[in-house]
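The values are calculated or read from the model by the stated rules, or taken from the named source; none is laboratory data. What you see is a predicted model; the values in this text were computed from it and never measured. Protein only, heavy atoms only, side chains kept; ligands, DNA and RNA dropped before computing areas. Shrake-Rupley method; radii C 1.70, N 1.55, O 1.52, S 1.80 Å.
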Amino acid sequence: MEDDQEFRREIRDWLAANVTDDLRGAGGAGRESEAFEKRLAFTRRLAAAGWSTLAWPVEHGGRGASLERQVIFHEEFARAGAPGRVDHIGVTMVGPTLMEHGTARQRERFLPGIAAATELWCQGYSEPGAGSDLAAVATRAELDGDCWVLTGQKVWTSLAHVADWCFVLARTAPVPAGASRHAGLSYLLVPMRQSGVTVRPIRQLTGDSEFNEVFFDGARTERDLVVGEPGQGWRVAMATLGFERGAATVGQQVGFQRDLDDLVALARRTGASADPGVRERLTRAWIDLTVLRAHTLRLLSAPPATGTATVIKLLWSRWRQGLGELAMTVLGPAGVASVVDGDGEVDRWRRLFLFSRADTIYGGSSEIQRGILAERVLGLPRQDRR
């Protein structure tokens, strides 16, 4: 449609004027500490121009953009090499959750700060003994007058070291006799900048520390900052995960295509493309990415269905991990050499290989995702977990 083409030109022109050379390609998964202050300033410019909350309904301060326009935005954002945003947890997860499950006061309090990127968020789900099995969370919250008091530990908490708020899944009541373990959990909004919260960075294989351990030792939050009913947080927590993966996946795949194109060019320069096995793997990567994009667009345009996000996550995580492995083959010995501040291109591919090991773990491990599909979509018998 002509209107959509005009929209594409509008966002393309804005990005051309605002994505400077020092920002292009900065940040993103595995590189969240890179140029953080500059990326934060860019994110706030993006927000001020109304692009950050493109998908939000107009009544909540967004543009109410169609799915087609959301896809266009993420495509152009990726093609421009725009830096990794620092507000994505708030915009894509917390904001939509508050619109659907929050109170009017909660929406009034938090949506403006999320939209303007003046308040950043992190996710408090996983724990040392409760990763993919979130129902096993041990963090507790008890009422003390007008406040919830939290005690416990969260782990793999991305961006906790820069976040102002955390949405926390905590147990506020024991599991009733005969009830599911999911009962008694609550979804709390907790301020991070208080004496009862300690954040400890976790150093990764890449050398970065974008995720953290978070300790709650008497941390407090207001009584009415529970989203949904106390004890009914599981439903809210699952709704948040459903919002996590949407049109942004298309932009992610544009970045994947750029990585693949660059790897093909590297293979030609190094002579690795002369190897029939490498050529076959590069071709297979292109075919699989083309299929992934077509499948993603089909699923996004179809009516919401259980398992859609799970299938997409399974496919892209396996693809990206495979690309990292292929990059090491193309680089040869240079890919495994221990080099500090070495060649930037070698470092790029080594970082992709190392960080992509986590792709099939975070956001729900592939094993758990397959179990969800088997039981909830295909209706297969529930696995015996004794």
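Computed from Cα atoms alone, the Kirkwood hydrodynamic radius reported for the range 1-140 is 16.5 Å.
Entry note, the chain: relative contact order of 13 percent, from Cα contacts under 8 Å with a spacing of 6+ residues. Taking G95, G271, G124 in turn, the Gaussian network model of the chain (Cα-Cα springs below 10 Å) assigns the largest fluctuation to G271. D347 exposes around 60 Å² of accessible area when a 1.4 Å probe is run over every protein chain in place. Every Cα-Cα pair in the range 59-123 was counted, and those over 19 Å apart are 38% of them.
Compute the relative contact order of the range 1-94 as a whole-number percentage, counting only Cα pairs closer than 8 Å that sit 6 or more residues apart in sequence. Rounded, it is 38 percent for the range 1-94.
Tell me, what % of the accessible area of the range 21-67 is carbon and sulfur with a 1.4 angstrom probe?
Ligands and nucleic acids excluded, carbon and sulfur reach 52 percent.
In this view, the solvent-accessible surface of W148, computed with a 1.4 Å probe and all protein chains in place, comes to about 10 Å².
As a fraction of the 1.4 Å probe accessible area of the range 185-239, surface on carbon and sulfur atoms comes out at 47 percent.
Determine the calculated [θ] at 222 nm for the chain from helices alone, applying -39500 (n - 2.57) to every DSSP H run no shorter than 4 residues and normalising by the residue count; nearest 500 deg cm²/dmol. Don't skip to the end; give the middle numbers.
Values: 11 runs with 167 residues, N = 386.
Roughly -14000 deg cm²/dmol at 222 nm, from the helical runs in the chain.
With the whole protein complex present, F256 retains an accessible surface near 10 Å², based on a 1.4 Å probe. Dimensions of the chain from C-alpha coordinates, computed as largest minus smallest value along each principal axis and given longest first, are 69, 51, 45 Å.
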